[in-house]
Amino acid sequence: MMRAGLGISLLLLAGCAAGGCDPGSAGFFGGVGCAAGGYQQRTARLQTQSAAAQGDAAVAQANAAFEQQNASRAEDQANALRRQVAEMRRGQADLRRRLDAVRARGRANRMQLSQAQAQLSALDAQLQAAQTNPTPSAAEVKRIQDQRRSYLATLATLDAQ
């Protein structure tokens, strides 16, 4: 009888140690082992893993939304810079007319007119380069704006002579 009890005890322990414990398909001895807590532990572990995966998915979704907002902001800024370059480019014709008017009045000396023409040509080249660049940088646009202001000051000086 002792041997029979030992055999049953071993079967029960084997049922408890079963890793893939499912009370619905474990049979009598395996089901008894599942009742000892293996199934609940496995279920709890799987639920924890599922919750962690859902949390990871939520974080990934939030990161994707944040990156999309950043990309949208960057695109808006690039569009604004392109509009500024296009506006300055359109204003170049007016600057040429003003320089031609100063030249026609004949009050400015040739060296000053030559320097003003060189500044205007350099500004044209920089605006052309910025306009062909699909994403001009804010620093590049600011530098061109500063150079344009400098040219306008030179032109105003020549115009006042």
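Just a few scattered comments:
- At full extension, residue 68 and residue 114 could sit 11.6 nm farther apart than now, given 0.36 nm per residue minus the alpha carbon distance.
- Kirkwood hydrodynamic radius of the range 87-145, from inverse mean 1/r over distinct Cα pairs, in Å: 12.6 Å
- Note on the range 55-118: the alpha carbon radius of gyration divided by the globular reference 2.2 N^0.38 Å gives 2.26.
- Counting only protein heavy atoms and a 1.4 Å probe, the range 27-147 has 66 square angstrom of accessible area per residue.
- Computed in the context of the full set of protein chains, the accessible area of the range 63-161 at 1.4 Å probe radius has 52% of its extent on carbon or sulfur.
- Calculated FRET value between residue 122 and residue 100, using beta carbons and R₀ = 22 Å, to 0.05: 0.80
- Residue 46 versus residue 132: modelled label distance in nm, points set 7 Å from Cα along the beta carbon direction: 6.4 nm
The values are calculated or read from the model by the stated rules, or taken from the named source; none is laboratory data. Computed from a predicted model, the values in this text were never measured in an experiment. Don't worry about glycine lacking a Cβ; one is built from the backbone with ideal geometry, like all the others, and counts go over all protein chains shown. Calculation scope for accessible area: heavy atoms of the full protein, side chains included, ligands and nucleic acids excluded. Shrake-Rupley method; radii C 1.70, N 1.55, O 1.52, S 1.80 Å.
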